Amino acid sequence: MDFYVGIDIGGTQTRIALVDGSGNIQKEMRFATIANDVEQHVEIMAVNLQTLTKGYNYASVGIASPGPLNAKTGIIGTPPNLPGWHGFPLVDVFSAMIQKPVVLENDANLAAFAEASVGAGAGEAIVQFFTISTGIGGGLVINGNLYTGANGMGLEVANCMCDEQNTIGGNTKHGSVERICSGTGILAQAQELGLAVASTKDVFELAYSEVKDIEQQKATQLITYVGEQFGNFLASIQGIIDPSVIVLGGSVALYNPMFVELVYTQMKERVYESVQESCHIRIAKLGDAAGVIGAALWSKAKL
């Protein structure tokens, strides 16, 4: 059996997994990400990789990292959650340390690749993936090939405009899909409305509560608004790309099926009647393992 290694680097946690050619995780480990010292972190990555793969012969390593990054050169760009990594030649350094082929790609792209390969989009020709969590990321897989655009920035949708009248704060542009529809954006809007909530989960629980009071009404109106905005956004994606299926991952989608149904209904109302029946949304199957599985399978594909 052939094996590959996936590494998923997050702002707070790094995950390493030994994966077979069918996308099944055989072994894995997790450890804290050292966001301010990339050289120290890479040394720990190499040690943990050696421990994890002892007794196994693996072919290659794929690394999923937050962007921006340059997948062609293997250099990390300026991810805000990894301030000590900016401009670091990760692929060259790490491949020299472990003496194996290493590839680097955006984490959302690799989650998309995993879902298209062995997840909710398996068997479909054109798979559009979005993760809705702290932020909003996207990836597109066409006939098994990852689409990244001319400059590696394809499907970087965070700043795509939804409602320019919405000026609630955040790191992306006013009225953007990430400011309005991400978990962070939902919480910020709820707090702006004066709701006593400390997390996005609190907002959804309040919106779906059986206690019908003014706070519950405000929360319901907010979630309805967010669902409509994201549905409109997906209708635009449907019209531009015409995917076989749209796969939604991230905590907001995974744990709130009623919200996804609202999004789906709104999307279908905004596309041509002739294509309404071809609009399909599925919930991601691989959960938080999509990044590490996608990284491993991407390294296999690039060999």
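Quick rundown of the values:
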| quantity | calculated |
| --- | --- |
| Set Tyr225, Tyr264: member being surrounded by fewer than 23 Cβ atoms within 10 Å (Cβ to Cβ), part of a helix (DSSP H, G or I) and touching a strand residue (DSSP E or B) at 6+ places or on another chain (Cβ under 6 Å) | Tyr264 |
| Top-ranked residue in segment 177-208 [being assigned to a loop (DSSP other than H, G, I, E, B) and of a type outside the set (A, V, I, L, M); ranked as surrounded by the fewest Cβ atoms within 10 Å (Cβ to Cβ)] | Gly194 |
| Hey, Leu140 in a strand (DSSP E or B) and out of contact with any Asp or Glu (no Cβ under 9 Å at 6 or more places or on another chain) or not | yes |
| Neighbours by Cβ (under 9 Å, 6+ apart or cross-chain): first from segment 255-278, closer than 12 Å to Ala235 by Cβ; second buried (at least 18 other Cβ atoms within 10 Å of the Cβ) and basic (Lys, Arg) | Gln276/Lys268 |
| Candidates Glu124, Glu156 - the one that is acidic (Asp, Glu) and touching a strand residue (DSSP E or B) at 6+ places or on another chain (Cβ under 7 Å) | Glu124 |
| Breaking point among (1) in a helix (DSSP H, G or I); (2) under 20 Å from the mean Cα position of the chain (by Cα); (3) free of Cβ contacts under 8 Å to residues at least 40 places away in the same chain, for Ala111 | (3) |
| Of all residues in segment 114-133 being of a type in the set (S, T, N, Q) and crowded, with 18+ Cβ neighbours inside 10 Å, the one that is nearest to the chain's Cα centre (by Cα) | Thr131 |
| Segment 166-192, subset out of contact with any strand residue (DSSP E or B) (no Cβ under 8 Å at 6 or more places or on another chain) and closer than 24 Å to Gln238 by Cα, residue modelled with the lowest pLDDT | Thr172 |
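The values are calculated or read from the model by the stated rules, or taken from the named source; none is laboratory data. Quantities reported herein were computed from a predicted structural model and do not represent experimental measurements. All Cβ positions, even for glycine, are placed from backbone atoms using ideal geometry, and neighbour counts span all protein chains on display.
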